[in-house]
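The next block holds one structure in the form of structure tokens; read it before the comments.
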Amino acid sequence: MQSIASIFRTGTWDLSNPQVLAVTVILAAAFVAVIALKGIALWKAAHKNDKVWFVALLIVNTMGILEILYIYYFSKRERKSK
């Protein structure tokens, strides 16, 4: 049985190998989750007219960390009136 490191080193991506299949499923699930979080965060920023947050969320890739912070913390805060 090949180790995960040797799979990446040799470039063989055989999905019949359970380790490769597990890594593929985990990466696919992480990809879907990050895309969903980014979409929700961008939608909330657009509806709140937070242009700086919208651009930051669009450009910066933090694997969902910035999106989670915006969705659950910053989007709930009230804006200070000028």
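Placing dummy labels 7 Å off each Cα toward the beta-carbon, the span from Val25 to Glu78 is 4.7 nm.
Sorting 23-32, 53-62 by their mean Cβ neighbour count within 10 Å, with the most densely packed peptide first, gives 53-62, 23-32.
Phi-derived couplings, Karplus 6.51 cos²θ - 1.76 cosθ + 1.60 at θ = phi - 60°, listed residue by residue for segment 55-60: 5, 4, 5, 6, 8, 7 Hz, with x used for Gly and Pro.
Here, each number is a calculation from the coordinates, and none is a lab measurement. The structure displayed is predicted, hence computed values, not measured ones. Cβ coordinates were reconstructed from backbone atoms using ideal geometry, including for glycine residues, and neighbour counts include every protein chain displayed.
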